[in-house]
1. Roll a 1.4 Å probe over the protein chains and send me the accessible area per residue for the chain in Å².
2. Can you tell me which of 241-247, 39-45, 336-342, 113-119 comes out highest on packing, and rank the rest after it, using the mean Cβ neighbours within 10 Å?
3. Sort out for me the Cα centre separation of segment 244-305 from segment 408-425, rounded to whole Å.
4. Whole angstrom only: what separates the Cα centroid of segment 161-233 from the Cα centroid of segment 97-139?
5. Counting Lys and Arg as +1 and Asp and Glu as -1, what is the net charge of the other residues whose Cβ lies under 10 Å from the Cβ of residue 326?
6. If packing is taken as the mean number of other Cβ atoms within 10 Å per residue, what is the order of 154-163, 77-86, 313-322, highest first?
7. State, to one decimal in nm, how far the label point of residue 374 lies from the label point of residue 202, with both points 7 Å from Cα in the Cβ direction.
8. For helix 185-198, report the angle its Cα long axis makes with the longest principal axis of the Cα atoms of the chain; keep it between 0 and 90° and round to the nearest 10°.
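The values are calculated or read from the model by the stated rules, or taken from the named source; none is laboratory data. Values in this document were obtained by computation on a predicted structure and should not be read as measured data. Cβ: placed from backbone, ideal geometry, glycine included. Neighbour counts: every protein chain shown. We work out accessible area using only protein heavy atoms, side chains counted, and drop any ligands, DNA or RNA first. Shrake-Rupley method; radii C 1.70, N 1.55, O 1.52, S 1.80 Å.
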Amino acid sequence: MVQLENTQLLKSAGYIDGQWVVKSSTFCVTNPYSGEEITRVSDCDANDATTAVLAAKKAFPQWAAMTAIQRGALLRKWYNLMIANQDDLGYLLSIEQGKPLAEAKGEVGYGASFVEWFAEEGRRLTGDTIPSPSANKRTVVIRQPVGVVAAITPWNFPNAMIARKAAAALAAGCTFVVRPASETPLSALAMAALAEQAGIPNGVFNVVPGLNASAIGKVLTQHPDVAKFSFTGSTNVGKLLIKQCADSVKRVSMELGGNAPFIVFEDADLDAAANGLIQSKYRNAGQTCVCTNRILIQHSVYDKFTAIYREKVHALTLGNGLEDGVDIGPLIDAKSCVKVQSMVDDAVEKGATLILGGTPATDNNVYPPTLLSNVTPDMKVFKEEIFGPISPLMSFQDEQQAIALANDTEYGLAAYFYSRDIGRVWRVSEALDFGMVGINEGIISDTAAPFGGVKQSGSGREGSHYGLDDYTNIKYLCMGGIA
Ligand code: NAP
């Protein structure tokens, strides 16, 4: 049974043009730990997605015409409601996604922080004046909202991935349609319930839950009234959606997969590095795009660091995310457990040594934290995004080799390294081909900082003052007849 203080937050209908859209066809949302059905949600289709786009189009002129301060005040109300309902939103998120309750509440706080940030940032959406080559002219640059924004988001951050996009879009004066992942629509619908309560006008924020990702995705990427498409998810799906956007030349933002290296140099504080690695590797059971994927340890400290790290990993508590003290909850589904196991098997077959875990997942989809030593670049755990609680360890001889190994991937989202040598800190920071680098730090997500990747990890930045850029057009005004 779902236990909420505010029962209004459990929604099972789509939210389009300020109306709760109930469909006769529904799909099931299950708890990944218990396998129990939480509720059934209206299965919206491509027609509903079109209705949502048209509602967003209709709402756009009025929303864009409001002052940034007026929009900011409504966003601030939305933020306040998210914080007031943080416990319930965290609970809903934990039961549909599986992450430990404390982590789920943390995600809600993180998601809400984007709403607060952009409520304020909207009023700083300034333009520019540029000295003109002619006394008769003035050159002025203004920024305007792009129009209707459509988005598709993943299950691993059911609240924050929506908030990070929607808050920036709404603050810039855009209207918004999102299709949440089919595994985790409840957090998105709860956010819509609070947007409604905050007084965000009809059609400005729309949620279209539905099983048929491809059909809804086609509308959101191809409808002529969508000006911009924003996606968070895997690189493969991202590539497909970029192609779909090409015919109507939509602006796109892509927050895609990662393959983060975590480098431990011999001059590092090894205990601090092991703690940072635990945070970076085991958050959300290893299912985040910025989770460490490959652990590179300098040869001279390899055995010592591995022993410290192994002990810390061994102490982690596994189980039901709703229970106190649980560090690692279930993976999202049984298929993910099988995939993770196959990556461990592949590594062991190719010569890696299993030093912790590696046993099959429980019936509750809990996969044990697993340490693999002597990993090599031909193994799947090195080449592919793991998205599970596996730590592949390998050694390197010197700084150059560490950088080469770290950059040996088509991904470029996050990287981490630990070193106390100030020269090395600069050299390595500049040489790593990634959008974000954690230096002596395992947790890098920050509302005020630009989040995003390079290479096949995507394009665009979310959060920070750069986060509004993706939702605005730059317009140049050439004003003549002055002198
Ligand atoms: P995914 O399979 O790409 O799915 C992401 C979203 O796309 C889901 O809503 C999914 O719907 C939908 N989708 C799948 N196929 C589609 C299609 N043909 N047309 C339209 N939509 C489609 O990724 P995931 O497994 O859910 O999420 C994990 C991935 O997201 C990882 O690669 C992770 O690194 C990445 N990620 C990146 C960031 C970042 O900021 N860079 C943040 C978080 C996650 P269904 O759920 O219904 O399948």
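1. Values: 18890 Å² over 483 residues.
Per residue, the chain has 39 Å² of solvent-accessible surface.
2. Ranked by mean Cβ neighbours within 10 Å, highest first: 113-119, 39-45, 336-342, 241-247.
3. 9
4. Each part's Cα centre sits 18 Å from the other's.
5. Working: positive: 99; negative: 103, 323, 324, 327.
Residues close to residue 326 contribute a combined charge of -3.
6. Numbers: 154-163: 26.1, 77-86: 19.8, 313-322: 16.9.
So the peptides 154-163, 77-86, 313-322, ranked by packing, come out 154-163, 77-86, 313-322.
7. 6.8
8. Once rounded, one gets 40 degrees.
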